[in-house]
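Everything below concerns the one structure shown next.
The values are calculated or read from the model by the stated rules, or taken from the named source; none is laboratory data. Values in this document were obtained by computation on a predicted structure and should not be read as measured data. We place every Cβ from the backbone using ideal geometry, glycine too, and count neighbours over all the protein chains shown. Only protein heavy atoms, including side chains, enter the accessible area calculation; ligands, DNA and RNA are left aside. Shrake-Rupley method; radii C 1.70, N 1.55, O 1.52, S 1.80 Å.
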Amino acid sequence: MRRTLMSLSVVAVAAVAAGTVLGGVAQAGTTLGAAAAEKGRYYGAAIAAGKLGDSVYTGILNREFNSVTPENEMKWDATEPSQGRFSYGNADRIVSQAQSHGMRIRGHALLWHQQQPSWAQGMSGSALRNAAINHVTQVATYYRGKIYAWDVVNEAFADGNGGGRRDSNLQRTGNDWIEAAFRAARAADPGAKLCYNDYNTDGINAKSTGIYNMVRDFKSRGVPIDCVGFQSHLTNSAPSDYQANLQRFADLGVDVQITELDISGGSQASAYGAVTRACLAVSRCTGITVWGIRDSDSWRTGQNPLLFDNSGNKKAAYTAVLDALNSGGMTVPTGGPTTPVPTTPVPTTGGPTQGPGGCSATVSLNSWSGGYVATVRVTAGSAPLTGWTVNVAIPSGGAVTSAWSATNSGTSGTVAFRNVSYNGTVAAGAATEFGFQGTGSGPTGTPTCAAS
Ligand code: XIL
């Protein structure tokens, strides 16, 4: 049943993507987020709540990025400092910042052997298993509808152990701890893509193959998993089989994401360019996140592995990334939706056109009992757009819980979604996308699109 529905969705979404190349003349994006959005992808940064008051930092964040990952604020020690008492203040500050700018949020990380609260470090057996699953359930429920993708489990495989698991208190609760965590996360937030995330997995090696085998096993047994994150903390360059490795995971039917990119030494700019091109070449590579904004923000102190220098100036690596994002055609990922229990997307044609050449909107839905993720494609009419507003009728009883690549006014009734800074300009006949999550049943009516 699920497989049949997935296939239908894939066909419909691929058809909407029109052979992966959208109409119209692509305009070069002038920021990382805008350029990535033209390729149907996001470009994100790990950020710290404590730095949001730094205007240089927040200025770069708001200008360049359309996705964020809390660097530490959603980890177990931050969100459940004592057992059963949850603390979301700093994580909420990041969520608000992202939501007010139409950015996606990657949740990081529900379970990990590091940065556990001290009370959990001292636990074992079924007490720890129960505490861990409760943690997953509570945190994923609290953020339900707001998270694009969760790193459900982080770094559970060992280095130099032939592709085996890492020893940890969590691993000692039983080998099935990872699937138990994924099932709990799916139940708590059916709209979030659920990722496994790790490092030293950037090429084809014993460790990445161990993870590959786990993902293949999960897919064959119906354990919910939607994506694999490749941290990509690199030195000098990516391995030569970087793209091939991403592709073999994508071929298992999961999205792939570059989740914590930083590159030290060597010819940094060309290495950043190569990583960008690898993601663009893999249709299910949905986005890239760099692990910090300025070199001075990096956890790799003194290695200067990021895209902006200590003063916030663009480095050569920045230009290499932007140029790579802007090269080639205007393609979008063709991978099928991996949100749970997908139903056949319901394309609806845009209503009355306004503005010089007008615009239209189509909606694809992935729905489950009690919620949905909507992907909306905005297509310019005969004249270019410099801004757009799409009005969507939300069925009564439901509400919009988050939006990305658009900002919404209101959450119920008729909700207006406006372009954000990087996707208001759309060439005649070209298209851009935004998305939102909601509770209740998905919109079935015809959205209207107003051009400006
Ligand atoms: C790092 C943070 O950047 C540091 O601020 C913190 O002190 C330690 O953790 N892999 C991960 C990230 O998944 O969570 C880590 O982040 C870097 C390695």
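Just a few scattered comments:
- Relative contact order of the range 129-201, defined on C-alpha pairs under 8 angstrom at six or more residues apart (%): 49
- Rg/Rh for the range 211-264, where both radii come from Cα atoms and Rh is the Kirkwood radius: 1.03
- Burial order of peptide ranges 166-172, 399-405 (average beta-carbon count within 10 Å, highest first): 399-405, 166-172
- Against the compact-protein benchmark of 2.2 N^0.38 Å, the Cα-based radius of gyration of the range 127-281 scales to 1.06.
- Whole-number percent relative contact order across the chain, with pairs defined as alpha carbons under 8 Å at least 6 apart: 17
- DSSP beta bridges fully contained in the chain are about 55 percent antiparallel.
- Set of the range 371-398 residues, backbone N closer than 12 Å to the point 7 Å along the Cα-Cβ line of residue 27: 384-388
- Using alpha-carbon coordinates, inclination of helix 206-221 to the longest axis of the chain, degrees: 60
- Out-of-range pairs (alpha-carbon distance over 28 Å; input 193/314; 193/315; 39/314; 39/193; 75/146): 193/314; 193/315
- Residues whose placed amide H lies under 5 Å from that of residue 69, excluding near-sequence neighbours: 45, 46, 47, 106
- Packing here is the average count of other Cβ atoms within 10 Å per residue, and on that basis the peptides 38-47, 360-369, highest first, run 38-47, 360-369.
- Sorted into 5 angstrom bins from 0, the C-alpha pair distances of the range 55-174 split as 2, 11, 20, 21, 16, 13, 9, 6, 3, 0 percent.
- Inter-probe distance in nm under a simple model that places probes 7 Å from Cα toward Cβ, at residue 412 and residue 323: 5.3
- Sorting the segments 204-210, 113-119, 416-422 by their mean number of nearby beta carbons within 10 angstrom, highest to lowest, gives 416-422, 204-210, 113-119.
- Summed over the residues of the range 400-452 and divided among them, the accessible surface reaches 34 Å² per residue at a probe radius of 1.4 Å.
- Of all accessible heavy-atom area on the chain, the percent that carbon and sulfur account for (1.4 Å): 51
- Label-to-label distance, nm, for residues given as residue 383 and residue 100 (7 Å Cα→Cβ offset): 3.4
- Length added when fully stretched, residue 115-residue 85, from 0.36 nm per residue minus Cα-Cα: 9.2 nm
- Intensity falloff of the range 192-295 expressed as log10 I(q)/I(0), Debye formula with alpha-carbon point scatterers, at q = 0.14 Å⁻¹: -0.49
- C-alpha long axis of helix 268-281 to longest principal axis of the chain, angle in °: 70
- Taken along its three principal axes, the alpha carbon spread of the chain comes to 64, 50, 41 Å, from the longest extent down to the shortest.
- Note, ³J(HN,Hα) from phi for the range 436-452, Karplus 6.51, -1.76, 1.60, rounded to Hz, x at Gly and Pro: 8, 10, x, 9, x, 8, x, x, 10, x, 8, x, 9, 10, 10, 8, 9
- A 1.4 Å probe run over the protein chains yields, for the range 153-208, 32 Å² of accessible area per residue, whole-number rounding.
- Think of a 1.4 Å ball rolled over the protein heavy atoms: the range 99-143 then has 37 Å² of accessible area per residue.
- The chain: angle of helix 89-100 to the longest principal axis, Cα-based, in degrees nearest 10: 20
- Across all directions, the shadow cast by the convex hull of the range 360-452 built on its C-alpha atoms averages 5.1 square nanometres.
- Solvent-accessible area of residue 176, all protein chains in place: 70 Å² (probe radius 1.4 Å, heavy atoms, ligands and nucleic acids excluded).
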